[in-house]
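The structure appears right after this line, and notes come after that.
The values are calculated or read from the model by the stated rules, or taken from the named source; none is laboratory data. All values reported here derive from a predicted model rather than from experimental measurement. Cβ placement follows ideal geometry from the backbone for every residue including glycine, while neighbour counts extend to all protein chains displayed.
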């Protein structure tokens, strides 16, 4: 129980760090409402993986890898499309990026 809570707290701090880094803010800045959305995604993902695997460290590792993957895709999209961030509707079109990589 304690391990799951510690992993969850670590993931929350990591999610806020990634969000602040992608937004260009520092960690000492004022609280941002969008941090709550980043935390909600992290908690939902960690809880889902923890329920499926019942292993806190595995769920933490996989959650971090998925969040870093989303962050890298967001950075690549911002660089290639001159500032347009990754949005929820882009996830439905992800298969096209794999099928047509030259676009």
(message) Under 6 Å between Cβ atoms, which residue pairs at least 6 apart in sequence (or on different chains) link something in region 31-55 that is on the phi < 0 side of the Ramachandran plot and touching a residue at least 40 places away in the same chain (Cβ under 8 Å) with a partner that is surrounded by 15 or more Cβ atoms within 10 Å (Cβ to Cβ) and in a helix (DSSP H, G or I)?
(response) 50/59
(request) Assess whether residue 62 counts as being at pLDDT 90 or above, within 30 Å of residue 4 (Cβ to Cβ) and over 14 Å from the mean Cα position of the chain (by Cα). (result) no
